[in-house]
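The next block holds one structure in the form of structure tokens; read it before the comments.
The values are calculated or read from the model by the stated rules, or taken from the named source; none is laboratory data. What you are looking at is a predicted structure, and each value in this text was computed from that prediction instead of being measured. All Cβ positions, even for glycine, are placed from backbone atoms using ideal geometry, and neighbour counts span all protein chains on display. Remember, those area values only see protein heavy atoms, side chains included, never the ligands or the DNA or RNA. Shrake-Rupley method; radii C 1.70, N 1.55, O 1.52, S 1.80 Å.
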Amino acid sequence: AKAAGRNNFQFFTADMNVRATERLLLENALRRAIATDQLSLHYQPQIDTRSGRTMGCEALVRWNDPAQGPISPARFIPVAEDSGLIIQLGDWVLREACRQQVRWSQAGLGEVCIAVNISALQFRRAEFVDSVVAILQETGASPSAIELEITESALMQPGEQLLERLHQLVGHGLSLALDDFGTGYSSLAYLKRLPIARLKVDQSFVADLPGDPEDAAVVTATLSMARDLGLEVVAEGVETQQQRAFLCERQCTLMQGYLFSRPLAADDFAGWLKVHPPA
Ligand code: C2E
Ligand code: CA
Ligand code: CA
Ligand code: CA
């Protein structure tokens, strides 16, 4: 039994070594990608289905590695978080989104609101607010056109310091959205204390609508709670007319998903705006 155990152990470590090596390679490639501007942003429209107008968009980072081809953020964001690269990556994303906001505005496309994903690790740093303000000033982006998406899990039981930080961001004119809502266990009491404008219902709850009774119950309860608290709701991952109808029946009209559009390169999003002008 001992021998077998040892063999298992060796097998396991060999496997772990391969994975650790892969991770290190990915980390080094990502470091280079950030330094050499190999990253880009795609923009997914957010639609007000009542008017058909574009409410704004979510910026999603893309990495096209010359050797490996496109690498999904679901794969490299965790590596960026583990290695600390998320700070540089996050600054790059925010700066690029701000520059794009200015370019669209100068191109006469209006004040397009861009939502930017913020990792919990970025948000938890004492320097976070200063770095955001510096990027806004450097780029000349309008703070009211930048929304920061912070995940529900990053804001579980926030201490006074984190709450203060949220208020500072709002004080600078930015707006805040709670991302992946429903995946944590937020209480109503806690939500009331956060200076957020919006909830984004996690796509895992939208995927099986309208057939899945549990998901339907979660979404319905979230919508009525948000209404009571005066929060806007964006449903993400909307792919079908049936999902859209379910949400509309419950007065959730802000949506994002493949039913409307995939995330688009900046030029394609500008084309989208000409057909679906901003509200
Ligand atoms: P997320 O913030 O929940 O972003 C939504 C994800 O759902 C995006 O995946 C988007 O392309 C995808 N999506 C949009 N509509 C649909 C749909 O109708 N159906 C389905 N099945 N999926 C849809 P993406 O771009 O692969 O990003 C994955 C995750 O990586 C994001 O999830 C976010 O957590 C993270 N991420 C992406 N960009 C950034 C970034 O700039 N910074 C940080 N910190 N995280 C990012
Ligand atoms: Ca998001
Ligand atoms: Ca999300
Ligand atoms: Ca489900």
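Results, tabulated for the structure shown:
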| quantity | calculated |
| --- | --- |
| DSSP bridge orientation in the chain - percent antiparallel, rounded to nearest 5 | 40 percent |
| Mean Kyte hydropathy of -1.0 or more with a Cα span along the axis of at least 20 Å, helices from DSSP in the chain | 2-35, 86-106, 213-229 |
| Region 47-94, Rg to Rh (Cα coordinates; Rh as Kirkwood inverse mean 1/r) | 1.16 |
| Share antiparallel - DSSP beta bridges, region 60-214, percent rounded to 5 | 20 percent |
| Radius, Kirkwood style, for region 130-216 when every pair of distinct Cα atoms is counted (Å) | 14.4 Å |
| Y258 accessible area, assembled protein chains, probe 1.4 Å, Å² | 110 Å² |
| Relative contact order of the chain, defined on C-alpha pairs under 8 angstrom at six or more residues apart (%) | 20 percent |
| Rounded to whole Hz, the Karplus (6.51, -1.76, 1.60) HN-Hα couplings of region 58-64, x for glycine and proline | 10, 7, 10, 6, 10, 10, 10 |
| Structure-based [θ]222 nm, the chain - -39500 (n - 2.57) summed over DSSP H runs of at least 4, per residue, nearest 500 | -16000 deg cm²/dmol |
| R23 accessible area, 1.4 Å probe, all protein chains in place, Å² to nearest 10 | 100 Å² |
| Sparse-neighbour loop sites [GluC sites (Glu not before Pro); region 72-135; at most 11 other C-beta within 10 Å; DSSP] | E127 |
| Cleavage-rule hits, trypsin sites (Lys or Arg not before Pro), region 42-104, DSSP coil, Cβ neighbours within 10 Å at most 16 | R50 |
| Alpha-carbon centroids, region 212-279 and region 91-111: separation in whole Å | 23 Å |
| Sites matching chymotrypsin sites (Phe, Trp or Tyr not before Pro) across region 157-233 that sit in DSSP coil, with at most 12 neighbouring C-beta atoms within 10 Å | Y185 |
| Other-chain or far-sequence residues with amide H under 5 Å of N117's (modelled H) | A59, E149 |
| Rg followed by Dmax, in Å, when region 10-143 is reduced to its Cα trace | 17.5, 62 |
| The chain - Rg (one decimal) and Dmax (whole number), Cα, Å | 20.4, 73 |
| Residue-by-residue Karplus 3J(HN,Hα) for region 193-200, coefficients 6.51, -1.76, 1.60, Hz, glycine and proline x | 7, 8, x, 9, 9, 9, 10, 10 |
| Portion, in percent, of the accessible area of the chain that falls on carbon or sulfur, probe 1.4 Å | 52 percent |
| Built amide H within the under 5 Å cut-off of V234, gap 5+ | L199, K200, V201 |
| Per residue value of the accessible surface for the chain (all protein chains in place, 1.4 Å probe), Å² | 50 Å² |
| Solvent exposure ordering (accessible area, 1.4 Å, most first) of L259, L174 | L259, L174 |
| Accessible area of L231 in the full protein assembly, 1.4 Å probe (Å², nearest 10) | 30 Å² |
| Estimated vicinal HN-Hα couplings, Hz - region 148-157 in sequence order (Karplus 6.51, -1.76, 1.60; Gly, Pro = x) | 9, 9, 10, 6, 4, 5, 6, 10, 5, 6 |
